[in-house]
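**Student:** Right, I'll just put the structure down here and ask away after.
The values are calculated or read from the model by the stated rules, or taken from the named source; none is laboratory data. These numbers come from a predicted model, not from an experiment. Using ideal geometry, Cβ is built from the backbone for each residue, glycine included, and neighbour counts are taken over all protein chains shown.
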Amino acid sequence: MSKDIKKNARAIDIFLKKYLRNQKHSGLLVPMKYGTLTGGKKIRSTIILDAAKIFKLKRSKVINICAAVECIHSYSLIHDDLPCMDNDSLRRGKAATHIKFGESTAILAGNSLLTLAFEIITDSKYKIKPNTKIFLSKKLAECAGHSGIAGGQFLDLNYEKKKVGISKVVNMQKKKTGKLFQFCCLAPAIIAGAKKQTIREMSIIGEELGLLFQIADDLLDIKGDKKNVGKPVKKDKKKGKSTLIKFLGYKKTLEFALRRKKMIIGKLKKYGIRSNKLVRTLNFILDRSY
């Protein structure tokens, strides 16, 4: 993992620890912390911080967005691992939340992280315009709900052991993973007051980044090592998951990903050196071994 990604992950963990420390006591705080603070690259936060560089925003202007996105992501992982979903017992190199605390507690902890995300964005101490907070909350809700993560997970489960076209797989993966990445890129543009065209461009870049991340995950499921990846590997084929690898094979899927990567870099060129960090993160996403 690059130094920047590690540094960013630590900063987000510190923010989240402090924020959770100031919450009213609840029996769900421990599993919430377990599901969101321990381990993980927090790559989505790095993308937000990288995109913020493009728009010359200070970290303080996007740190709440980073924390909110990590809460949403962690909620989705906790729920995805449940026996009624993907039934995984290992996450981020440790026992999944439902293994550690039980299924009902895991569901409630996930629900609490989902709602906490919007609390973090609308916090009175977060100094951005109130209308911007409302717009960001709306966009994040769209990316997390039935038209985003939840809808993508529904399709992922529904497509198991079925014959579906490549376009449907790409659409499913853009919902399941791409939509939250989309938010990561468009949020800094919104906060900076960028033009609608720029916000649309960043939305496309983010969604494509998310698709690339999901493809890299699928490739790791084939070639990755369980110890490095921190979760079970070689499980997609056993479960009959619909992935691009299933249709194209490993080599052609990698070629597909490289073409996508080239396209994203082409879109980022207009931002010059301000996009250098985001390009480096993009390279990490596809080259990673975990």
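Here is a yes/no grid of residues against (1) modelled with pLDDT of 95 or more; (2) surrounded by fewer than 21 Cβ atoms within 10 Å (Cβ to Cβ); (3) out of contact with any His (no Cβ under 6 Å at 6 or more places or on another chain); (4) small (Gly, Ala, Ser):
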{"site": "HIS25", "(1), (2), (3), (4)": "no, yes, yes, no"}
{"site": "ALA52", "(1), (2), (3), (4)": "yes, no, yes, yes"}
{"site": "CYS71", "(1), (2), (3), (4)": "yes, no, yes, no"}
{"site": "SER74", "(1), (2), (3), (4)": "yes, no, yes, yes"}
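**Student:** Considering (1) of a type in the set (A, V, I, L, M, F, W, C); (2) farther than 22 Å from GLU70 by Cβ; (3) under 14 Å from the mean Cα position of the chain (by Cα), say which one ILE222 fails and leave the rest.
**Tutor:** (3)
**Student:** Those residues that are within 26 Å of PRO188 (Cα to Cα) and over 16 Å from the mean Cα position of the chain (by Cα), I need them from segment 147-170; list them, please.
**Tutor:** VAL170 - this is the single residue of segment 147-170 that is within 26 Å of PRO188 (Cα to Cα) and over 16 Å from the mean Cα position of the chain (by Cα).
**Student:** Give all pairs with beta carbons closer than 7 Å in which a residue from segment 177-193 that is free of Cβ contacts under 8 Å to residues at least 40 places away in the same chain meets a residue that is among the hydroxyl-bearing types (Ser, Thr, Tyr); count only pairs at least 6 apart in sequence or on separate chains.
**Tutor:** Taking only residues 6 or more apart or on different chains, the pairs are GLN182/SER203.
**Student:** Looking at SER76, SER104, which one is free of Cβ contacts under 8 Å to residues at least 60 places away in the same chain and among the hydroxyl-bearing types (Ser, Thr, Tyr)? Explain how you work it out, then say what you get.
**Tutor:** Working: SER76 fails: free of Cβ contacts under 8 Å to residues at least 60 places away in the same chain.
It is SER104.
**Student:** Here is a further query. Taking segment 31-67, which residues are hydroxyl-bearing (Ser, Thr, Tyr) and within 15 Å of the chain's Cα centre (by Cα)? Spell out how you get there, then give the answer.
**Tutor:** Going residue by residue through segment 31-67, those that are hydroxyl-bearing (Ser, Thr, Tyr) are 34, 36, 38, 45-46, 60.
If the condition is that a residue be hydroxyl-bearing (Ser, Thr, Tyr) and within 15 Å of the chain's Cα centre (by Cα), then THR36, SER45, THR46 are the ones that fit.
**Student:** Counting just the residues of segment 217-249 that are within 20 Å of PHE154 (Cβ to Cβ) and not in a helix (DSSP H, G or I), which one comes out modelled with the highest pLDDT?
**Tutor:** THR243
**Student:** Within the group LYS174, LYS223, which residue is in contact with a Gly (Cβ under 8 Å, 6 or more places away or on another chain), surrounded by fewer than 23 Cβ atoms within 10 Å (Cβ to Cβ) and not β-branched (Val, Ile, Thr)? Show your work before the answer.
**Tutor:** Values: LYS223 fails: in contact with a Gly (Cβ under 8 Å, 6 or more places away or on another chain).
Testing whether each residue is in contact with a Gly (Cβ under 8 Å, 6 or more places away or on another chain), surrounded by fewer than 23 Cβ atoms within 10 Å (Cβ to Cβ) and not β-branched (Val, Ile, Thr) leaves just LYS174.
**Student:** Quick one: how many residues across segment 17-44 are in contact (Cβ under 8 Å) with a residue 40 or more places away in the chain and closer than 24 Å to ILE285 by Cα?
**Tutor:** Residues flagged as in contact (Cβ under 8 Å) with a residue 40 or more places away in the chain and closer than 24 Å to ILE285 by Cα within segment 17-44 amount to 8.
**Student:** Next question, about the same structure. Does LYS17 count as out of contact with any helix residue (DSSP H, G or I) (no Cβ under 9 Å at 6 or more places or on another chain), of a type in the set (Lys, Arg) and not in a loop (DSSP other than H, G, I, E, B)?
**Tutor:** Values: out of contact with any helix residue (DSSP H, G or I) (no Cβ under 9 Å at 6 or more places or on another chain): no; of a type in the set (Lys, Arg): yes; not in a loop (DSSP other than H, G, I, E, B): yes.
Here the answer is no, as LYS17 does not meet what is asked.
Results for (1) part of a helix (DSSP H, G or I); (2) at pLDDT 95 or above; (3) under 24 Å from LEU268 (Cβ atoms); (4) of a type in the set (A, V, I, L, M, F, W, C), shown as yes or no for each residue.
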residue	(1), (2), (3), (4)
PHE154	yes, yes, no, yes
PRO188	yes, yes, yes, no
GLY193	no, yes, yes, no
GLN197	yes, yes, yes, no
GLU207	yes, yes, yes, no
GLY210	yes, yes, yes, no
ILE215	yes, no, yes, yes
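**Student:** Tell me, yes or no, whether segment 121-133 has at least one residue that is more than 22 Å from MET202 (Cβ to Cβ), assigned to a helix (DSSP H, G or I) and touching a residue at least 24 places away in the same chain (Cβ under 8 Å).
**Tutor:** Looking through segment 121-133, none of the residues is more than 22 Å from MET202 (Cβ to Cβ), assigned to a helix (DSSP H, G or I) and touching a residue at least 24 places away in the same chain (Cβ under 8 Å).
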